[in-house]
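Q: Quick one: the structure is below, and I'll ask about it shortly.
Each reported figure results from applying straightforward, stated rules to the coordinates on display, with no laboratory input. Just so it is clear, the model here is predicted, and its values are computed rather than measured. No Cβ is skipped: glycine too gets one built from the backbone with ideal geometry, and neighbour counts run over all protein chains shown.
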Amino acid sequence: MILKNVKIPKLILSIFVCHLAGIFGSIFTVSSIPTWYSTLARPEFSPPNWVFAPVWLSLYTLMGVSLYLVLEAKKSKFRKTALSFFGIQLLLNAVWSYLFFGLQNPFYALVEIVFLWAFILFTAYYFYKISKKSAYLLIPYLLWVSFAAILNYFIFILN
């Protein structure tokens with residue numbers, strides 16, 4: 001079992017904080033999907049639009065559980081650094097949606113997603129030093145952002 005002696009309010013708050021990034025991003029995404037995004041040339045491997053919401057809901061939840069595990073782990077000299085990287089990657093996550101969908105600028109979003117990817121990796125590295133399980137929970141997120149970066153690149157090239 002991943003979670004033992006769970007502090008439910010703290011877990012819910014950790015998950016909620018991560019979902020806030022998604023809520024912020026959705027402000028720009030929802031209105032752009034049927035308008036601007038639907039007009040873009042996309043690569044053949046681009047998933048259908050309906051895939052994104054459940055994937056992101058799952059990823060934000062995993063990120064929240066990961067954050068909770070770090071917050072509940074024994075004190076560590078890496079905690080402050082780990083949480084700083086986590087906060088930065090969460091901010092970058094939200095900013096990507098603004099750049100891509102809000103500003104409708106795949107180039108700026110592409111540049112930014114490289115930084116996002118790096119900060120997710122840094123976060124996973126420091127989370128691993130505190131709680132291996134917390135780092136493992138970030139692997140799907142890193143993989144999805146890797147895919148999103150490739151998709152972002154092709155959308156930029158094709159348009």
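Q: Within the stretch 7-39, work out how many residues are farther than 15 Å from Ser97 by Cβ and in contact (Cβ under 8 Å) with a residue 24 or more places away in the chain.
A: Total meeting the criteria: 7.
Q: Could you list, in sequence order, all residues of the stretch 72-106 that are out of contact with any Phe, Trp or Tyr (no Cβ under 7 Å at 6 or more places or on another chain), aliphatic (A, V, I, L, M) and buried (at least 19 other Cβ atoms within 10 Å of the Cβ)?
A: Leu90, Val95
Q: Something else about it: Select from the stretch 107-159 the residues that are touching a residue at least 60 places away in the same chain (Cβ under 8 Å) and farther than 28 Å from Tyr37 by Cα and write down the one among them that is surrounded by the fewest Cβ atoms within 10 Å (Cβ to Cβ).
A: Going through the qualifying residues, I end up with Lys133.
Q: Can you tell me which of (1) over 15 Å from Leu137 (Cβ atoms); (2) surrounded by fewer than 17 Cβ atoms within 10 Å (Cβ to Cβ) is the one Ala21 doesn't meet?
A: (2)
Q: In addition: Can you find a residue that is hydroxyl-bearing (Ser, Thr, Tyr), touching a residue at least 12 places away in the same chain (Cβ under 8 Å) and within 20 Å of Phe156 (Cβ to Cβ) anywhere in the stretch 56-64?
A: No.
Rundown of residues vs (1) more than 21 Å from Leu158 (Cα to Cα); (2) not in a helix (DSSP H, G or I), yes/no style:
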residue: Leu11; (1), (2): yes, no
residue: Ser32; (1), (2): no, no
residue: Ala41; (1), (2): no, yes
residue: Phe86; (1), (2): yes, no
